[in-house]
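Here is the structure we will look at, set down as C-alpha cells.
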Amino acid sequence: MPDFQKPLPHYLFQKRNIVSLILFTSAFALVFINIYSPFGADRWFKLTRLELFTYSSLVILTGVLVVVISRIIMFQLCKRHTINLTQYLAWILAEIMFMALFYTLFEMFILRDSREFTDIIKISALNTALVLLIPYSVSWLYFSWLDKKEQIERLADVQSVSGNIRGMIPFYDDKAVLKFSVKKENLLYLESTENYVSICYLNYGKISKYLLRDTMKKMEENFAGTEIIRCHRSYMVNFEKVKVIRKEKEGLVLELDEPTQTDIPVSKTYVDNVMQTFSKYSRVAE
C-alpha cells in the first residue's frame, strides 16, 4: 500500500512537466468533449461540426484554466513546503470540483438546462473526473518512467566522466546534466538558496562553494539511504564530517570537522532523521 504521508516525487513539480501536463490535459479534454459530448455539447444550437468543435473547444479550454491556475499555485507552494500524497489527492479533488462547478454554471445559465443544480453538478463532477484523472494518471506514469531513464543515464555518465573513480559524488542540475563531482571525504554540506543549491566542500584546506541549479527536495531524494542527510529545510550535511552534536536553546546544532568552525542547524522536522543516523553510526563504531 502507498505511504500517504511520503513526500511526492520531485518530477511532479518540475516546471517542464507541469507545462506538459497542462498541454496533455487540454488536448485530451478537447478530444473527450467532442467525441463523448459529456456536457451536452451535442445540444448546443444548430451548428455545423466545425462550429460545434470551435465553440466546445473554447468552453473546455476555459475550464482548463482552473488547472492552469491550480498548477501555478502548486508550483509556487512546493518551493517552500513539502506536499505528501494525501495533500496531492485532496488538491486534485478540489480541481475536479471547481471545474465541475464551472461546467454546471455554464449548463444552467448558457445552455438553459432545466435540471436541478445537484443533478447537474453530480454528472459534471463525474465527467470532469474522467477529463482530469485519465491524463493525470498517464502523465504520472510517463514522468516516472522518464525520471528512471534519466537516473540510468546519470549512472552511465558518471562512469564515463569520472573514469569509475571510487568515492566521487556526482551532482546534476535540474536538466539532468552532470555539472560537478567531488570526493565524498571533501563534501561538507549543501545549502539551498531559492532554486539553487550551494555545494560546500574542502578545497586545499579551505571551504569552497559550487552553485548548482536544482532543489533541495531533489537532492534529498538523490541521497536517500546515504550518509548525506537532510537536517533542515535549507541544509543537508555529510554526516561523516559531523564531529559534535550540541544542544542549544534554539535546538540541535551540528559542528563540522573542518578548519573553520561551521555550525549547521537542525530543525524539529529533521531531528528524528539526524538521531537515527547518529544511532547507526554509533552501532558501527561499537
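Summary of values
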quantity	calculated
Segment 3-47 - residue that is over 11 Å from the mean Cα position of the chain (by Cα) and among the polar types (S, T, N, Q) and, of those, modelled with the highest pLDDT	SER20
Hits in segment 237-247 - residues which are under 29 Å from the mean Cα position of the chain (by Cα) and not charged (D, E, K, R)	VAL237, ASN238, PHE239
Some residue of segment 268-277 being closer than 30 Å to LYS15 by Cα and touching a Gly at 6+ places or on another chain (Cβ under 9 Å)	yes
Qualifying position, being basic (Lys, Arg) and closer than 24 Å to THR260 by Cα, among LYS179, LYS217, LYS209	LYS209
Close pairs from segment 85-111: first assigned by TED's automatic domain parsing to the domain that holds ILE18 and more than 16 Å from ILE33 (Cβ to Cβ), partner buried (at least 16 other Cβ atoms within 10 Å of the Cβ) and of a type in the set (S, T, N, Q), Cβ under 7 Å, at least 6 apart	GLU95/SER70
In segment 248-273, the residues that are surrounded by fewer than 16 Cβ atoms within 10 Å (Cβ to Cβ), over 25 Å from the mean Cα position of the chain (by Cα) and within 17 Å of GLU191 (Cβ to Cβ)	VAL253, GLU255, THR260, GLN261, ASP263
Some residue of segment 245-257 being on the phi > 0 side of the Ramachandran plot, part of a strand (DSSP E or B) and in contact with a helix residue (DSSP H, G or I) (Cβ under 8 Å, 6 or more places away or on another chain)	yes
Test: ASN195 is out of contact with any Asp or Glu (no Cβ under 6 Å at 6 or more places or on another chain) and modelled with pLDDT of 90 or more	no
Top-ranked residue of segment 61-86 - restricted to ones that are of a type in the set (S, T, N, Q) and farther than 29 Å from PHE117 by Cβ, ranked as modelled with the highest pLDDT	THR86
Selection from segment 205-244 of residues that are among the polar types (S, T, N, Q) and assigned to a loop (DSSP other than H, G, I, E, B)	THR215, THR226, SER234
In segment 221-262, the residues that are among the acidic types (Asp, Glu) and free of Cβ contacts under 8 Å to residues at least 12 places away in the same chain	GLU248
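Condition check ((1) over 20 Å from PHE24 (Cα atoms); (2) of a type outside the set (D, E, K, R); (3) part of a helix (DSSP H, G or I)) across all residues:
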{"position": "MET108", "(1), (2), (3)": "yes, yes, yes"}
{"position": "LEU111", "(1), (2), (3)": "yes, yes, no"}
{"position": "LEU126", "(1), (2), (3)": "no, yes, yes"}
{"position": "ILE134", "(1), (2), (3)": "no, yes, yes"}
{"position": "SER137", "(1), (2), (3)": "no, yes, yes"}
{"position": "TRP140", "(1), (2), (3)": "no, yes, yes"}
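The values are calculated or read from the model by the stated rules, or taken from the named source; none is laboratory data. Note that this is a predicted model, so its numbers are computed, not measured. In this analysis, Cβ positions are derived from the backbone assuming ideal geometry, glycine residues included, and neighbour counts consider all displayed protein chains.
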